[in-house]
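The values are calculated or read from the model by the stated rules, or taken from the named source; none is laboratory data. Predicted, not measured: the structure shown is a model, and the values here were computed from it. All Cβ positions, even for glycine, are placed from backbone atoms using ideal geometry, and neighbour counts span all protein chains on display. Keep in mind that these areas ignore ligands, DNA and RNA; they rest on the heavy atoms of the full protein, side chains included. Shrake-Rupley method; radii C 1.70, N 1.55, O 1.52, S 1.80 Å.
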Amino acid sequence: MYLKKGLLLACALSFSTLSFGETETWSLQQCIDYALQQNISVQKGRLVLEQNRISTDQAKGQWAPSASFSTSHSLSNRPFTEVGYANNYSGNYNLGVSWTVFNGFRRKYNIEQQELQETIQETSLKSTEEDIKISVLSNYLQILYAKESVRIRKNSLQTSEEQLNRYKQLYEAGSVSMIDLSQIESQHVAETYQLTVAENQLANDLLQLKQLLRLDLDQDIDIVTPEFTADQVMEVLANKDSVYAAALASRPEIAMAEMNETMADLQIKSAKSGYYPSVNLNAGVGTGHRNHVDLSGGDQLKENFNESVGLSLNYTIADNRERKSAVGKAKLNKNIAVLETENLKDELKKTIESAYLDAQAAQVNFIAAQSNEQAATSAYELTKEKFSLGMKSPFEMLSEKNTLLNAQQQTLQAKYSAILNKEVLRVYQGLPIQIE
């Protein structure tokens, strides 16, 4: 009896925890949109994208000439001189411009690499967002499954309570034995415990969703509960080959891998550009002045005004194999990038095949589970009726009831497994999620 009271108290506490405070109801699309806004990885990805854009602008700026201005001033003192002036002051002013005329196309390739890196980061951000969508979808469906499990357990417990109350009356009237009453009480305690387990699982799934959304700990949430028909569960799946072809064309991770191959090609070209000479153009103007000169300051600046222009060519004859090594490494990186692309395509194919087979198996299991549940329901109703007439023992009735509960759980598992894998296939095809 103490165990029974303890389980009832735990159930009550669990229920009060779920219903405490104001509860917000979220749809799947609201969950996805909010998660994409709040997710730290997405926020970091956006900041990295801004960094890449700055780097691209910096690379483009290398085409412009650089200009600099310098000035120097000096003051000297000779306190013991007997010739000339004890104090001397001079100033110089120089303005210089430098421009790289040619550096083996390195600027061009650097700009192309930076622009490509910017696109890669944009695609990486999309990949992160796709992963978040699938995580939220999976968690959302898990909550729906848990909610239905709680509903089934509550209905079963209500029936169990009615049976227990009736058997107590029969026992007090002397119509049933203590053994029969004990079996009913044990079943009631077990079902109370199972309801508590189901409610705790629901609470845990909701907590995981809150963590995905990065909500406050004291914020209670619930989700919209859509109705899924058997036709939706048994919807015809797209052909595996068509799903794979669509995924190759739409999945961001495949696009990133192919762009990494292009990046490797640019790195090879950039490494080869080291074999070219570099040509630089320099120009400048300058002037200066000093004290103790007969000319005024303005006349001195005019007198000392000078202009310069120069062209320099630089070519590295020997560099201790640095250029050759750079080209060799760049070519190896290209081979690695190609293998990475092939590996990602293989992994994508495995993922799609697995989701497809899981969806197929879940649909087959759903049909079988529905038939099994119908048979278990009929068997339980018949046994319950005979039990009320004294033609079946409590053990037989409870056995049929547990069979029905297991059949209902199997139907739920098949149902939500089919829906999840069907929606995952849609995501991999680049199609919107259909759950509303």
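Taking the criterion of being under 23 Å from ASN239 (Cα atoms) and either over 41 Å from the mean Cα position of the chain (by Cα) or open to solvent by less than 40 Å² (accessible area, probe 1.4 Å) (or both), the residues of region 350-402 that qualify are ILE352, ALA355, TYR356, ALA359, ALA362, GLN363, PHE366. When ALA368, ALA359, ALA407, ALA376 are checked against the criterion of being over 30 Å from VAL279 (Cα atoms) and touching a Lys or Arg at 6+ places or on another chain (Cβ under 6 Å), a single residue qualifies: ALA359. Examine region 408-427 for a residue that is out of contact with any Gly (no Cβ under 7 Å at 6 or more places or on another chain), in a helix (DSSP H, G or I) and over 18 Å from PHE228 (Cβ atoms), and state whether such a residue exists. Within region 408-427 (the criterion being out of contact with any Gly (no Cβ under 7 Å at 6 or more places or on another chain), in a helix (DSSP H, G or I) and over 18 Å from PHE228 (Cβ atoms)), the answer is no, since none of the residues qualifies. Would you please name the residue that is farthest from CYS31 (Cα to Cα), looking only at residues in region 172-214 that are out of contact with any helix residue (DSSP H, G or I) (no Cβ under 7 Å at 6 or more places or on another chain), among the hydroxyl-bearing types (Ser, Thr, Tyr) and in a helix (DSSP H, G or I)? In this case the residue turns out to be SER182.
Between SER312, SER278, SER308, the distinction of being at pLDDT 90 or above, closer than 18 Å to ARG106 by Cα and surrounded by fewer than 15 Cβ atoms within 10 Å (Cβ to Cβ) belongs to SER312 only.
Yes or no: region 291-298 includes at least one residue that is in contact (Cβ under 8 Å) with a residue 24 or more places away in the chain, over 30 Å from SER127 (Cα atoms) and surrounded by fewer than 17 Cβ atoms within 10 Å (Cβ to Cβ). Within region 291-298, one or more residues are in contact (Cβ under 8 Å) with a residue 24 or more places away in the chain, over 30 Å from SER127 (Cα atoms) and surrounded by fewer than 17 Cβ atoms within 10 Å (Cβ to Cβ). Of all positions in region 374-386, none carries a residue that is within 30 Å of ILE132 (Cβ to Cβ), of a type in the set (Val, Ile, Thr) and at pLDDT 90 or above. Filtered by the rule that a residue be touching a helix residue (DSSP H, G or I) at 6+ places or on another chain (Cβ under 6 Å) and of a type outside the set (S, T, N, Q), region 43-52 gives GLY45, VAL48, LEU49.
Considered as a group, the residues in region 159-172 that are open to solvent by less than 80 Å² (accessible area, probe 1.4 Å) and farther than 14 Å from MET397 by Cα include one that is farthest from the chain's Cα centre (by Cα), and that residue is LEU170. Applying the condition of being farther than 24 Å from GLY104 by Cα, in contact (Cβ under 8 Å) with a residue 24 or more places away in the chain and of a type in the set (A, V, I, L, M) to region 47-71 and asking which residue is surrounded by the fewest Cβ atoms within 10 Å (Cβ to Cβ) yields VAL48. Just one of (1) at pLDDT 95 or above; (2) more than 24 Å from ILE40 (Cβ to Cβ) fails for ASN204. It is (2).
Against the conditions (1) assigned to a helix (DSSP H, G or I); (2) among the hydrophobic types (A, V, I, L, M, F, W, C); (3) out of contact with any Phe, Trp or Tyr (no Cβ under 6 Å at 6 or more places or on another chain), TRP99 satisfies every one except (1). Across region 218-268, the number of residues qualifying as touching a Phe, Trp or Tyr at 6+ places or on another chain (Cβ under 6 Å) and either open to solvent by 40 Å² or more (accessible area, probe 1.4 Å) or not aliphatic (A, V, I, L, M) (or both) comes to 1. All told, TYR109 falls short of being outside any strand (DSSP E or B), in contact with a Cys (Cβ under 8 Å, 6 or more places away or on another chain), open to solvent by less than 80 Å² (accessible area, probe 1.4 Å) and not aliphatic (A, V, I, L, M). Within region 387-436, restricting attention to residues that are touching a residue at least 40 places away in the same chain (Cβ under 8 Å) and aromatic (Phe, Trp, Tyr), the residue that is nearest to ILE132 (Cα to Cα) is TYR428.
From the list SER124, SER90, SER138, SER175, the one residue that fits, being of a type in the set (S, T, N, Q), over 23 Å from ASN260 (Cα atoms) and within 57 Å of the chain's Cα centre (by Cα), is SER138. In region 278-289, the residues that are closer than 11 Å to ALA67 by Cα form Cβ pairs under 9 Å with partners that are small (Gly, Ala, Ser) and surrounded by 15 or more Cβ atoms within 10 Å (Cβ to Cβ), at six or more places apart or across chains, as follows: ASN282/GLY96; ASN282/SER98; ALA283/GLY96; ALA283/SER98; GLY284/GLY96; GLY284/SER98. Only one of the listed residues (SER74, SER156) is open to solvent by less than 40 Å² (accessible area, probe 1.4 Å) and of a type in the set (Gly, Ala, Ser). That residue is SER156. Among all residues of region 86-104, there is at least one that is touching a His at 6+ places or on another chain (Cβ under 6 Å) and open to solvent by less than 80 Å² (accessible area, probe 1.4 Å).
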